[in-house]
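Heads up, the thing below is written out as C-alpha cells.
The values are calculated or read from the model by the stated rules, or taken from the named source; none is laboratory data. Everything numeric here is computed off the predicted structure, so don't read it as measured data. Don't worry about glycine lacking a Cβ; one is built from the backbone with ideal geometry, like all the others, and counts go over all protein chains shown. Each accessible area value is taken on the protein alone, full model and side chains, heavy atoms only, with ligands, DNA and RNA left out. Shrake-Rupley method; radii C 1.70, N 1.55, O 1.52, S 1.80 Å.
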Amino acid sequence: MKNIVVLTGAGISAESGIKTFRDDNGLWEGHDVMKVASPQGFQENPALVLDFYNKRRKQLLEVEPNAAHYALKDLEKKYNVSIITQNVDDLHERAGSSNVIHLHGELLKVRSSFDKDLVLDWKKDLNLGDFCEFNSQLRPHIVWFGEEVPLLETAALEVQQADILLIIGTSMQVYPAAGLKDFAPSHCQMYFIDPQPAIQESQNLRIIKENASTGVKKLVESLLQN
C-alpha cells in the first residue's frame, strides 16, 4: 500500500463552523493572540485564558465533521494514511481517521502546569483551582507561541515516507509547520487544495483551487480509482 500523508490547517475545520485561528489583523475571536495563546498571557491572566479555551471547547462540541474529513477517512480503504494537522479540534478522529498527529495540541485535553507529560481528556470547563495530582493548575493542552512543537520530528518522519502528500486548508506560510513539505521525497506527488492558493504549480505539485469539502472529495474519488 502506498503512503499518503495529509497536512491540514484551519481551512478544513472552518467549513464545519470553527473559526480560523486568527484573522488578518492578528486577532483570535477579538483577542490579541499573545494574551490567549502564550505562556506569558497565561501567567498574566490565567482566568482570561481559561475562559477563552472554555468557549472554544464548547463550540467544538457543537459542530460536526464535514465532507472533507469523511473523504480523508475513505482513503484508508486503499492507502496507509497519516494526517498531520495544525488544528486543535478532534474532527478528523470523529470522522473515523485512525492516525492523526496534532502539531499544536488538542482542545479536548488538558495538561499539568508542573508535568507536561501528564495529559487528561477534558470536555467540560477548565477553571482556576482545577489541579493535577501534583497540586498544580491544569492548563489547556495547546502548543502556545514560544513553546516547542513536540511532535514536529514525528511529523517530519511521516512526510519522509510519503508517496503522495495532500496539503489542505493551510497556507503553509507559518513555520515550523510550513517546513514539513520540504521533507517529502523527490518522487512524492503533492496536491494543494485551497480556494486562494499562494503557490505555483510545478511538476510534482498540482493545485486544486477549491474549498476543502469539494476539492478533497474530488481528489479522494480520483485516488481511490487509480
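Principal axes first, then extents: for the Cα atoms of the chain, list largest minus smallest coordinate on each axis, whole Å, largest first.
Principal-axis extents of the Cα atoms in the chain, largest first: 55, 34, 30 Å.
Counting helices only, and only those DSSP H runs with n ≥ 4, report the 222 nm mean residue ellipticity of the chain as the sum of -39,500 (n - 2.57) divided by its residues, in deg cm²/dmol to the nearest 500. Spell out each step's value before the answer.
Numbers: 8 runs with 66 residues, N = 226.
Value at 222 nm, helices only: -8000 deg cm²/dmol.
How large is the dipole of the chain about the Cα centre if only Lys and Arg carry +1 and Asp and Glu carry -1, each at its Cβ, rounded to the nearest 20 debye?
On the way: 23 positive and 31 negative charges, 92 e Å.
Rounded to the nearest 20 debye, it is 440 debye.
So, with +1 on the Cβ of K and R and -1 on the Cβ of D and E, and no other charges, what is the size of the charge dipole of the stretch 110-218 about its Cα centre, to the nearest 20 debye? Present the calculation step by step, with values, prior to reporting the outcome.
Working: 10 positive and 15 negative charges, 98 e Å.
It works out to roughly 460 debye.
Binning every alpha carbon pair distance of the stretch 1-100 at 10 Å from zero, what are the percents per bin?
15, 39, 28, 14, 3, 0
Once R0 is set to 25 Å, what does the formula 1/(1 + (r/R0)^6) return for the Cβ-Cβ distance between Arg94 and Ser222, expressed as a FRET efficiency to the nearest 0.05? Don't jump to the answer; show the numbers that get you there.
Working: r = 25 Å, r/R0 = 0.99.
According to the calculation, E is roughly 0.50.
Only residues of the stretch 74-116 count here: report those whose backbone N is under 20 Å from the spot 7 Å along Cα→Cβ of Phe134, or say none.
Residues 105-106, 109-116 qualify, since their backbone N sits under 20 Å from the label point.
How far, in nm, would the chain grow between Thr214 and Ala178 when pulled straight, counting 0.36 nm per residue and subtracting the alpha carbon separation? Don't jump to the answer; show the numbers that get you there.
On the way: separation 36, 0.36 × 36 = 12.96 nm, distance 2.33 nm.
The Thr214-Ala178 span can extend by a further 10.6 nm.
In nm, give the distance between the simple-model label positions of Ser171 and Ser186, each being 7 Å from the Cα along the Cα-to-Cβ direction.
Placing both labels 7 Å along Cα→Cβ, they lie 3.2 nm apart.
Per the 1.4 Å probe, what fraction of the accessible area of the chain, in percent, lies on carbon and sulfur atoms? Walk me through the numbers before you get to the answer.
Values: 5530 of 11540 Å².
About 48 percent, which is the carbon plus sulfur part of the accessible surface.
Based on alpha-carbon atoms only, what is the radius of gyration of the stretch 97-196 relative to the globular estimate 2.2 N^0.38 Å? List each step's numbers first, then the result.
Numbers: Rg = 16.8 Å, N = 100, 2.2 N^0.38 = 12.7 Å.
The reported ratio for this selection is 1.33.
Using 0.36 nm times the number of residues separating Lys124 and Val63, minus their current alpha carbon distance, what extension gain do you get? The partial results should precede the final answer.
Details: separation 61, 0.36 × 61 = 21.96 nm, distance 1.56 nm.
Separation in residues times 0.36 nm, less the Cα-Cα distance, equals 20.4 nm.
With every protein chain left in place, what is the accessible area per residue of the stretch 109-226 in square angstrom, probe 1.4 Å?
Values: 6790 Å² over 118 residues.
Averaged over the residues of the stretch 109-226, the accessible area is 58 Å².
Return one number: the angle in degrees, 0 to 90 and rounded to the nearest 10, between the long axis of the Cα atoms of helix 46-60 and the longest principal axis of the Cα atoms of the chain.
Compared with the principal axis, the helix lies near 40 degrees.
According to a simple spin-label model (label point 7 Å from Cα along Cα-to-Cβ), what is the distance in nm between Lys78 and Asn45?
A separation of 5.1 nm, rounded to one decimal place.
Only four residue types carry charge here, +1 at the Cβ of Lys and Arg and -1 at the Cβ of Asp and Glu. Report the dipole size of the stretch 31-88 about the Cα centre in Debye, rounded to the nearest 20.
Numbers: 8 positive and 7 negative charges, 32 e Å.
My answer is approximately 160 debye.
Of Leu50, Ala68, Val149, which is farthest along the charge dipole of the chain in the positive direction, counting Lys and Arg as +1 and Asp and Glu as -1 at C-beta?
Sorting the options by dipole projection puts first Ala68.
Grab the eigenvalues of the alpha-carbon gyration tensor for the stretch 48-134, scale each by 5, take roots, and send me the semi-axes largest first in whole angstrom.
On the way: eigenvalues 160, 47, 16 Å².
Rounded to whole Å, the semi-axes are 28, 15, 9.
Can you order the peptides 126-139, 155-168, 186-199, 79-92 by their average number of other Cβ atoms within 10 Å per residue, highest first?
Values: 126-139: 14.1, 155-168: 20.1, 186-199: 16.1, 79-92: 23.3.
Averaged packing, sorted descending, gives the order 79-92, 155-168, 186-199, 126-139.
Of the peptides 94-100, 65-71, how do they stack up when ordered by the mean number of other Cβ atoms within 10 Å, highest first? Show your work: numbers first, answer last.
Numbers: 94-100: 16.9, 65-71: 22.3.
Highest-to-lowest ranking by the protection proxy: 65-71, 94-100.
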